[in-house]
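Inspection log for the structure reproduced underneath, given as structure tokens.
Just so you know, all these numbers are worked out from the coordinates, no wet-lab data involved. This structure is a prediction, so every number in the text was calculated from the model and none was measured. Every residue, glycine among them, receives a Cβ derived from its backbone with ideal geometry; neighbour counts consider all protein chains shown.
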């Protein structure tokens with residue numbers, strides 16, 4: 001499991017590096033002399049400033065996510081455990097398709113290729129995360145995504 005957390009941190013750090021580069025480019029564009037407004041309808045510099053601000057917010061979010069994972073103390077789980085933050089959960093739908101999710105403290109939607117296949121990070125506040133919290137192996141879990149109801153059985157908690 002330590003390898004999974006390390007892979008998440010590594011992926012977040014890569015996203016952070018990309019966001020920093022994009023932020024620098026947006027800042028340069030917003031302050032470049034060629035982008036000074038020629039008239040009140042010329043908004044290129046204003047748009048670039050908004051983009052730079054958005055990138056700086058994304059950078060702060062990524063730094064916070066990285067810190068959360070670097071300091072995360074994952075609980076241990078046994079066969080009778082209930083799902084909580086830190087659980088690696090395997091669910092199976094009616095057609096026998098299995099999916100794996102890490103209930104993480106941040107970075108929901110992030111996907112990692114693990115030893116046992118694709119693992120998607122879900123936060124406790126996401127619809128699936130809310131549906132999973134407190135459940136046990138063999139419990140049925142129902143949630144709605146994009147106005148479509150989904151149902152699965154919890155087959156494993158690690």
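Which residues does the label zone of residue 10 cover in segment 115-147, counting backbone N under 12 Å from a point 7 Å along Cα→Cβ?
Under cut-off, by backbone N: 115.
Specify, per residue and in Å³, the volume enclosed by the convex hull of the alpha carbon atoms belonging to the chain.
Looking at the chain, the number lands at 134 Å³ per residue.
With springs only between Cα atoms under 10 Å, which of 97, 13, 55 fluctuates most in a Gaussian network model of the chain?
97
Fully extended, how many nm does the chain gain between residue 111 and residue 143 (0.36 nm per residue separation, minus their Cα-Cα distance)?
9.5 nm
Could you tell me what percent of the DSSP beta bridges with both partners in the chain are antiparallel, to the nearest 5?
If I count the DSSP bridges inside the chain, around 85 percent turn out antiparallel.
Can you tell me how much longer the chain between residue 156 and residue 50 gets when fully stretched, taken as 0.36 nm per residue apart minus their C-alpha distance, in nm with one decimal?
Result: 33.7 nm gained on full extension.
Divide by every residue of the chain the summed helix terms, -39500 (n - 2.57) for each DSSP H run of at least 4, and state the resulting mean residue ellipticity at 222 nm, rounded to the nearest 500 deg cm²/dmol.
Helices in the chain give a 222 nm mean residue ellipticity of -14000 deg cm²/dmol.
Pick from 83, 66, 145 the residue whose mean-square fluctuation is largest in a GNM of the chain, springs joining Cα atoms under 10 Å.
145
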